[in-house]
Amino acid sequence: MVINISDVWENACTQHYDYLNSLIDRGIGSLGNSFLDVVIKDFIQTNRSVIVEGAPSDLAGCILDYEKRFGRDILHFCVLQKLTKIFDYASFSAKSDKSWTAYELCELAKYNICCYCHMVSTETSLPDKHSKGYRPPIDHYYTKSDYPFLALTLSNFIPCCEKCNGSQMKHSIDFAKVPHLNPLVDIESIEFELRPAEVDEELVALALSLQLRPENYLLSVDAKHNLSLSNMSISTFQLKNRYKHYASQAFYLARKIKSFVARKSTYASELEFNIELADLLEFEPEEYKNIQYGKARLCIAKQYGAIVD
């Protein structure tokens with residue numbers, strides 16, 4: 001994860017909680033009096049508040065309760081099938097005439113750039129009579145195939161891009177067993193820095209002053225905090241390789257920013273307008289989460305002194 005999106009669903013909570021409560025009521029009502037149905041009802045009722053409104057940090061306890069009750073034998077398989085039917089993500093995610101689906105949910109998301117890579121748009125357009133519409137994939141931080149009772153839990157939903165959610169990256173990795181950064185919980189701990197590639201000794205000064213060609217620079221992707229989880233996320237989402245192509249843009253941005261303070265004062269005194277950092281970044285710094293490569297661009301601005309922490 002590159003950016004924290006802990007408030008991504010704050011505009012959708014009421015609608016989704018109402019939807020999930022209604023769905024749970026119908027699901028419990030559909031269960032009978034068999035031993036299996038009774039233990040499933042007890043599990044759902046015991047954990048209902050967490051399933052519906054729990055914070056991301058609450059979900060691990062719900063998972064532990066599930067594993068204690070149902071283990072990994074034939075009972076678990078039967079329970080999993082019934083819970084998958086009750087918490088029907090396939091129906092929620094499909095296009096339909098229902099008033100609340102994954103499309104309506106994603107339209108209310110506060111951020112529209114993939115939080116895992118921060119490279120790809122995750123915008124939503126509702127389907128209508130003129131267009132099919134589109135939305136981002138919704139990753140389940142705790143996989144719905146392993147934990148079907150969390151298949152519709154808002155604090156388990158992470159809007160992301162198809163590549164990050166696909167078979168070459170996260171896909172079916174069980175983050176409950178192989179912990180990674182959680183964009184809904186963890187602070188941002190992955191940062192970017194423009195560095196010269198290996199150059200001859202006589203070129204070091206030129207390299208540091210950004211006087212070499214852009215192909216002589218690399219954009220590093222490094223964990224600064226929470227090292228174990230951060231490095232797992234860097235590896236799973238292949239961030240080092242994926243950001244290689246952005247080194248050239250980072251280089252030209254760094255050259256523009258390097259003397260930003262001096263140029264700003266010059267322009268202000270000689271011309272009748274001010275040059276602001278946003279003019280170079282092409283966005284207001286506080287809006288970086290909703291800009292493709294916004295975190296990387298902000299890191300470059302900090303590296304070359306345009307932003308002071």
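The values are calculated or read from the model by the stated rules, or taken from the named source; none is laboratory data. Owing to the predicted nature of the structure, the values given are computational and were not obtained by experimental measurement. With ideal geometry, Cβ positions are generated from the backbone for all residues, glycine too; neighbour counts draw on all protein chains shown. Surface areas here come from the heavy atoms of the whole protein model, side chains and all, with no ligands, DNA or RNA. Shrake-Rupley method; radii C 1.70, N 1.55, O 1.52, S 1.80 Å.
Below is a table of values for the structure above.
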| item | result |
| --- | --- |
| Filter result (of a type in the set (A, V, I, L, M, F, W, C) and open to solvent by 10 Å² or more (accessible area, probe 1.4 Å)) within segment 82-105 | Ile86, Ala90, Ala94, Trp100 |
| Residue selected from segment 200-243 under the condition in contact with a strand residue (DSSP E or B) (Cβ under 7 Å, 6 or more places away or on another chain) and among the basic types (Lys, Arg), by the criterion farthest from Gly166 (Cα to Cα) | Lys224 |
| Residue identified as closer than 30 Å to Arg72 by Cβ, open to solvent by 30 Å² or more (accessible area, probe 1.4 Å) and at pLDDT 95 or above among Leu218, Leu150, Leu229 | Leu229 |
| Residue in segment 8-25 that is more than 30 Å from the chain's Cα centre (by Cα) and over 30 Å from Lys240 (Cβ atoms) present | yes |
| Pairs where the first residue, in segment 175-204, is under 30 Å from Leu59 (Cα atoms) and touching a residue at least 40 places away in the same chain (Cβ under 8 Å) and the second is part of a loop (DSSP other than H, G, I, E, B) and among the basic types (Lys, Arg), C-beta under 8 Å, 6+ apart | Ser189/Lys224; Ile190/Lys224; Glu191/Lys224 |
| Complete set of residues in segment 71-81 that are part of a helix (DSSP H, G or I), open to solvent by less than 70 Å² (accessible area, probe 1.4 Å) and either among the aliphatic types (A, V, I, L, M) or at positive phi (or both) | Leu75, Val79, Leu80 |
| Subset of segment 52-69 that is farther than 19 Å from Ile24 by Cα and free of Cβ contacts under 8 Å to residues at least 24 places away in the same chain - its residue that is most open to solvent (accessible area, probe 1.4 Å) | Lys68 |
| Near pairs, Cβ below 7 angstrom, 6+ apart or cross-chain, from segment 214-238 (in contact (Cβ under 8 Å) with a residue 12 or more places away in the chain and in a strand (DSSP E or B)) to any residue that is hydroxyl-bearing (Ser, Thr, Tyr) and open to solvent by 70 Å² or more (accessible area, probe 1.4 Å) | none |
